[in-house]
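Notes for the one structure printed next.
No value in this document is a laboratory result; all are computed from the given coordinates. This structure is a prediction, so every number in the text was calculated from the model and none was measured. Glycine also receives a Cβ, built like all others from the backbone with ideal geometry; neighbour counts cover every protein chain displayed.
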Ligand SMILES: [Cu+2]
């Protein structure tokens with residue numbers, strides 16, 4: 001019996017180790033800005049806001065782990081030491097000032113330690129710094145249009161590309177922004193409510209018809225960053241990805257020049273259905 005228990009234990013340990021190795025391998029192969037196989041945590045961060053979200057997530061996870069283990073320990077002590085057999089004559093003690101003060105004060109302090117960073121994060125997200133560049137993202141059934149009012153007012157459509165990788169995330173025309181610049185993203189919906197979300201930037205904001213919402217991000221790394229529409233918006237909700245290419249200032253200026261010409265010839269909605277084009 002003892003032998004077989006040992007074998008089962010070893011097998012279980014083997015599974016756990018194999019799982020951890022797979023997760024570690026997945027995390028190591030994870031490319032910034034997109035999901036990875038066996039990813040356990042959130043996507044890697046490319047903005048100050050997302051750094052804060054990572055930190056806050058880990059802080060909450062640590063706090064809740066300690067609280068859960070503490071409560072579990074108390075429960076085990078009660079079950080083992082104070083059951084009817086082990087403790088047939090229960091104590092009639094009531095009131096203990098020190099413990100009562102402690103179990104009031106400590107939870108209050110825990111809540112304060114959660115509330116302070118929580119509000120700091122909220123203000124960081126919602127208090128828009130002065131923007132270097134504005135991009136307006138319009139959610140449509142089922143693609144995004146991006147307008148650049150600061151750079152010649154061109155607008156273009158961004159549709160999922162069937163033949164490009166990563167699958168379901170790549171698009172024909174990416175949203176392009178310069179690195180280390182505050183980008184103000186204004187969102188609206190042309191038909192129904194969509195939601196503009198890019199995990200690596202820590203942004204998610206509804207795109208509502210008849211209303212202009214705004215958020216911001218400042219990407220600290222260049223590269224491709226992917227997101228998806230995050231509000232159920234109809235049959236192709238899963239097929240209207242968001243692809244943001246973060247480039248250097250020079251590359252951005254060069255892109256603006258080519259984009260002005262390219263999208264003058266094929267402006268937004270030039271392919272779209274009558275319904276979307278009517279607005
Ligand atoms: Cu949508």
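Cα-based radius of gyration for the chain, normalised by 2.2 N^0.38 Å, reads 1.40.
Taking Cα atoms only, the orientation of helix 48-81 departs from the longest principal axis of the chain by about 20 degrees.
Testing the spin-label approximation: label points 7 Å from Cα along Cα→Cβ at residue 121 and residue 65. State their distance in nm. Between residue 121 and residue 65, the label points sit 1.6 nm apart. Cβ-Cβ distance of residue 211 and residue 109, R₀ of 41 Å, FRET efficiency by 1/(1 + (r/R0)^6): the value works out to about 0.55. For a test of the definition: using alpha carbon positions, the gyration tensor, and the 1.5 limit on a/c, classify the range 133-267 as rounded, prolate or oblate. Rounded is the answer for the range 133-267, as its axis ratio a/c remains below 1.5. Using C-alpha pairs below 8 Å separated by at least 6 residues, the relative contact order for the range 122-279 is 26 percent.
With a cut-off of 12 Å on the backbone N, the residues of the range 177-205 near the modelled label site 7 Å out from residue 248 along Cα-Cβ are 179. Computed packing ranks the peptides 104-115, 182-193, 157-168 as 182-193, 157-168, 104-115, most packed first, by mean other Cβ atoms within 10 Å.
Between the helical axis of 2-29 and the longest alpha-carbon principal axis of the chain there is an angle of about 30 degrees. For residue 42 and residue 102, the difference between the fully extended length at 0.36 nm per residue and the C-alpha to C-alpha distance is 18.1 nm.
Mean residue ellipticity at 222 nm from the helices of the chain, using -39,500 (n - 2.57) per DSSP H segment of n ≥ 4 over the full residue count, to the nearest 500 deg cm²/dmol? Mind showing how you got there, number by number?
Values: 5 runs with 113 residues, N = 279.
Calculated from helices alone, the mean residue ellipticity at 222 nm is -14000 deg cm²/dmol.
Among 74-84, 135-145, 258-268, 224-234, sorting by the average number of other beta carbon atoms lying within 10 angstrom of each residue, highest first, gives 135-145, 224-234, 258-268, 74-84.
Quick one: angle between helix 97-126 and the longest Cα principal axis of the chain, in degrees between 0 and 90, rounded to 10, please. Around 10 degrees separate the two axes. For the range 133-152 and the range 63-112, what is the separation of their C-alpha centers, rounded to whole Å? Cα centres, the range 133-152 to the range 63-112: 56 Å.
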